[in-house]
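Worksheet: the structure to be examined is printed underneath.
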Amino acid sequence: GERFEVAPLKVEHVVDTTAAGDSFSAAYLAARLMGERPQQAAEAGHRLAAVVIQHPGALIAKSVMPVC
């Protein structure tokens with residue numbers, strides 16, 4: 001199978017890492033279900049996790065949710 005690496009995004013101000021992994025998984029799976037390749041799906045996971053960890057309690061507004 002194909003192998004690839006996706007570097008995590010640099011986040012300047014981490015507030016709370018609660019649900020970072022769950023957020024990554026949710027975005028990854030959503031992207032795959034929308035037909036994205038694994039590498040693009042992993043990038044989507046990193047984008048969402050990077051946003052989530054900048055907010056307390058793993059709650060973010062829909063307006064700041066990245067688009068897969």
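Read the figures in this text as sums done on the coordinates, not as results from a lab. The shown structure was predicted, so the numbers you read here are calculated from the model rather than taken from an experiment.
Restricting the calculation to Cα positions, tell me the Rg (one decimal) and the Dmax (whole number) of the chain in Å.
Final numbers for Rg and Dmax: 11.9, 38 Å.
By how many degrees, between 0 and 90 and to the nearest 10, does the Cα long axis of helix 38-52 differ from the longest principal axis of the chain?
0
Give me the angle, in degrees from 0 to 90, between the Cα long axis of helix 20-33 and the longest principal axis of the Cα atoms of the chain, rounded to the nearest 10.
Orientation of helix 20-33: about 40 degrees from the principal axis.
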